[in-house]
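Worksheet: the structure to be examined is printed underneath.
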């Protein structure tokens, strides 16, 4: 198995003005990959949590690569971890993006891997913990034809006032809406395998996972919800994160496939109504283009 990193550029902002040169942001991703890539080698996007870094999921990534022939990509999204503090790899900026541009950072890392390596694009999976769980769900909403399944653990499914305080910013109705997974769950086209600990004091499961599960049921979406009795925010002591990942996603990482071309190949146009605004995403645009997304 190989371990390495890559960097790519994405938008730092997206001011849409013909006389304006967009600012770019460099993103670094940690990667585990098989020694040799074959025609069925797939990809998995792993997303870390608030104030964590790209090495958070190393154990899970190693397992997924070695057991399931996957290239695993974990981006250091902006304003968190080593991007915030290059020495310690912990902490976060204030004001904090709070899962919007950070979603494009993570999808950009996946897109870069798919475009630069000969991978089976129908074998693409997603995993995230905490804010990473929110981001992986939003990634499946922003790019609805890309993932074979996503596995959010203890996800932040919507923003509460205390998160705005932590982030050092006040969000408009549209900004709250675009970060609300429950509100936009109808956009999810892939199966969702949801997990949460019942003793999670950081993001209590009854406030975050249960409402999402209820909404997925109402919409008739393919999903599984598993609540680990006595598990905290990272599921322990009820179960280790690695064992939970093996139990929930293990066999699916080898067998589940998505049909058709992904959003990046299709150049999909995605529209999401967010309060009084409309978010338009154009996946035919390169990652550095200010036309990649717009608000109307």
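The values are calculated or read from the model by the stated rules, or taken from the named source; none is laboratory data. Bear in mind the structure is a predicted one, so any value in this text is a computation, not a measurement. Cβ atoms come from the backbone with ideal geometry, glycine included; neighbour counts cover every protein chain shown.
Taking the numbered list (1) free of Cβ contacts under 8 Å to residues at least 60 places away in the same chain; (2) part of a helix (DSSP H, G or I); (3) under 23 Å from residue 275 (Cβ atoms) in turn, residue 209 passes all entries but (3). Can you confirm whether residue 111 is touching a helix residue (DSSP H, G or I) at 6+ places or on another chain (Cβ under 7 Å), within 30 Å of residue 35 (Cα to Cα) and in a helix (DSSP H, G or I)? Here the answer is yes, as residue 111 does meet what is asked. Within the stretch 268-284, how many residues are without any contact (Cβ under 8 Å) to a residue 40 or more places away in the chain and surrounded by 14 or more Cβ atoms within 10 Å (Cβ to Cβ)? Counting residues in the stretch 268-284 that are without any contact (Cβ under 8 Å) to a residue 40 or more places away in the chain and surrounded by 14 or more Cβ atoms within 10 Å (Cβ to Cβ) gives 3.
Residues considered: 124, 103. Of these, the only one that is out of contact with any strand residue (DSSP E or B) (no Cβ under 6 Å at 6 or more places or on another chain) and either over 14 Å from residue 187 (Cα atoms) or at pLDDT 95 or above (or both) is 103. Scanning the stretch 23-57 for residues that are in a loop (DSSP other than H, G, I, E, B) and out of contact with any helix residue (DSSP H, G or I) (no Cβ under 9 Å at 6 or more places or on another chain) returns 23, 35, 36, 37, 38, 39, 40, 41. All told, residue 159 meets the bar of being assigned to a loop (DSSP other than H, G, I, E, B), modelled with pLDDT of 95 or more and touching a helix residue (DSSP H, G or I) at 6+ places or on another chain (Cβ under 7 Å).
For residue 257, the test of being out of contact with any strand residue (DSSP E or B) (no Cβ under 9 Å at 6 or more places or on another chain), closer than 29 Å to residue 69 by Cβ and either surrounded by fewer than 16 Cβ atoms within 10 Å (Cβ to Cβ) or without any contact (Cβ under 8 Å) to a residue 12 or more places away in the chain (or both) is failed. Taking each residue of the stretch 145-167 that is at positive phi and looking for partners that are part of a helix (DSSP H, G or I) and surrounded by 24 or more Cβ atoms within 10 Å (Cβ to Cβ) with beta-carbon atoms closer than 7 Å, six or more apart or interchain, yields 154/133.
Against the conditions (1) at pLDDT below 95; (2) farther than 16 Å from residue 45 by Cα; (3) within 20 Å of the chain's Cα centre (by Cα), residue 268 satisfies every one except (1). Residues that are buried (at least 24 other Cβ atoms within 10 Å of the Cβ) and part of a strand (DSSP E or B) within the stretch 114-152 comprise 124, 125, 126, 127, 128, 129, 150, 151, 152, listed in sequence order.
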